[in-house]
Amino acid sequence: MQEEKILKFLKGSHQIISGETIAKALNISRVSVWKAIRKLREKGYPIKTTKKGYFLEDKDFFIEEDLNKILEKISLFKKIYLFPETTSTMDIAKSYVERGENAVFLAEKQTKGRGRLGRSWESLRGGLWLTLLLYKPPLNLKEAFFLNYLSSLVTAKAMIETFNLPARLKWPNDVLLFGKKVAGVLLEIKAEVDSLEYALIGIGINVNNPVLEKKFMIPAISIKEAIGQEVDRASLLEKLLINFETLYLKKKEILNLWKEFSETLGKEVKVLTSSSTLIGLALDLDEEGRLLLKTKEGEIIPIFSGDCLHLRT
Ligand code: BT5
C-alpha cells in the first residue's frame, strides 16, 4: 500500500524530504504522493509540510511492518488492527466480534478511552492502548476473572522483562511503578449460561505519552518518566502478547504469579465496593479470584471487585 510505504519512508528520514524524492524512490507519481500524504494526515499522522517537502514531526508510531513481525511470533491472535486515532479500542473490537476470530486492536490515540464503571481513561499519543478480542474463549462466566489477572500480570511481566522495571500489581487491575499507576486493565464480556461468547480485554499502558491530568484516583506515571527516555513500544507489545499466549488458560500459574508480583497482598487496604467500604489486611486471593480481606475483628471477607487503596504495610 502506498500510504504505508510513504509512512515508512518518512519514519526513517531525519530531514525534510521532497515529494519528488519520495515519488522517485517509490516509483509513483507526485500526485499519488500528495494524495497519500493527505490521507495519512486525515488519519492523524503528524506530517508537516514545508516548501521543501514533508517531515514527520513525531516518529513514535507503529507501522504495519512492526505488527506483522509480532504476528509471526504468536498464534493465539490472527490479526493486529491498527488505528491512528479512535474513540475507544473497546468499541472497535466489539464491532469486529462477528468475524469470529481472536484479534488485537491497537490505537495510537483514543478520544474516549474508558476505565471501569464508565470512568474516563486519558489516552494521548505515545501510550499503548489496546484491546484483545477473544472469541468464545474456553472459560465459563465464573472463570472470566482469570483474564483480568492474566492481563495485568503479563503487562507487568512485559515491563520487567523488556525494560527491567520493578513493575508490581495492585488489586484488582492496576500495574504500578514506584507506587504509581502505569497501566490499567478493563474486562468486558458477553456470556451465555455456561460459556463466554467473547471477552474484550482493554489494556492501557502509559509508555511515552505525557500524563496530563494531575488529579487521578492514584498518582500516575509513564515508562518514559520512570526510565528517563522514550522506549520502543513494539518490543513491549511483543513481550506482552507472547506472555499472554504462553500463560493463557494456565489458571494456577496465573494466580500464583499474580500473587508473587502483588503489591497489595500483605498490606493494610481500604476497599470500596458498590455496597460498602471495607478496611483490613489483604490476605490472599482465593481460587475464585476473590480478594480475602481480614478485618480488625478477625473476620475474613471475600471480595469480588472494588477499588482498592493501599494504606500501609
Ligand atoms: C482502568 O480503569 O484502569 C482500566 C483502563 C483501561 C484502558 C484501556 S486503553 C485501551 C482500552 N480502550 C479503552 O477505552 N480502555 C482500555 P479504572 O481502574 O477504572 O481506572 C480509571 C481511573 O484511572 C480514572 O478514573 C482516572 O482516575 C485514572 N486514569 C485515567 N487515565 C489514566 C492514565 N492514562 N494513567 C493513569 N491513570 C489514569
Q) Looking at Thr131, Thr155, Thr111, Thr86, which is the one that is of a type in the set (S, T, N, Q) and under 18 Å from Asp232 (Cβ atoms)? A) Thr155
(Q) Could you check region 123-144 and list, in sequence order, the residues that are assigned to a helix (DSSP H, G or I) and either free of Cβ contacts under 8 Å to residues at least 60 places away in the same chain or crowded, with 22+ Cβ neighbours inside 10 Å (or both)? (A) Leu141
Q: Pull up region 262-313, narrow it to residues that are hydroxyl-bearing (Ser, Thr, Tyr) and buried (at least 16 other Cβ atoms within 10 Å of the Cβ), then point me to the one that is nearest to Asn164 (Cα to Cα).
A: Ser262
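Select, from Arg99, Arg116, the only residue that is surrounded by fewer than 18 Cβ atoms within 10 Å (Cβ to Cβ), assigned by TED's automatic domain parsing to the domain that holds Lys239, within 16 Å of the ligand (Cβ to nearest atom) and of a type outside the set (Ser, Thr, Tyr). Spell out the reasoning first.
Values: Arg99 fails: within 16 Å of the ligand (Cβ to nearest atom).
Just one listed residue meets the conditions, Arg116.
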Q: Please work out if Lys170 is away from the ligand (no atom under 13 Å from the Cβ) and among the basic types (Lys, Arg).
A: no
Q) Is it the case that some residue within region 79-95 is within 26 Å of Leu196 (Cα to Cα), in contact with a Phe, Trp or Tyr (Cβ under 7 Å, 6 or more places away or on another chain) and outside any helix (DSSP H, G or I)? A) yes
Q: Please enumerate the residues belonging to region 193-224 that are farther than 26 Å from Val271 by Cα and either modelled with pLDDT of 95 or more or in contact with a strand residue (DSSP E or B) (Cβ under 8 Å, 6 or more places away or on another chain) (or both).
A: Leu196, Glu197, Tyr198, Val207, Asn208, Asn209, Ile223, Lys224
Q | Residues of region 195-220 that turn out to be among the acidic types (Asp, Glu) and in a loop (DSSP other than H, G, I, E, B), as a count | A | 1
(Q) When the residues of region 213-261 are narrowed to those that are polar (S, T, N, Q) and away from the ligand (no atom under 16 Å from the Cβ), which ends up surrounded by the fewest Cβ atoms within 10 Å (Cβ to Cβ)? (A) Gln229
Q) Can we say Phe62 is out of contact with any Gly (no Cβ under 9 Å at 6 or more places or on another chain), closer than 15 Å to Phe9 by Cα and within 16 Å of the ligand (Cβ to nearest atom)? A) yes
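Being in a loop (DSSP other than H, G, I, E, B) and surrounded by 19 or more Cβ atoms within 10 Å (Cβ to Cβ) is the requirement here; does Ser75 meet it? Full working, then the answer.
Details: in a loop (DSSP other than H, G, I, E, B): yes; surrounded by 19 or more Cβ atoms within 10 Å (Cβ to Cβ): no.
No; evaluated as a whole, the condition is false for this residue.
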**Q.** Members of region 173-190 found to be more than 26 Å from Asp284 (Cβ to Cβ) and either small (Gly, Ala, Ser) or away from the ligand (no atom under 11 Å from the Cβ) (or both), listed by number
**A.** Lys190
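The values are calculated or read from the model by the stated rules, or taken from the named source; none is laboratory data. Because the structure is a prediction, the values reported are computed rather than measured. Every residue, glycine among them, receives a Cβ derived from its backbone with ideal geometry; neighbour counts consider all protein chains shown.
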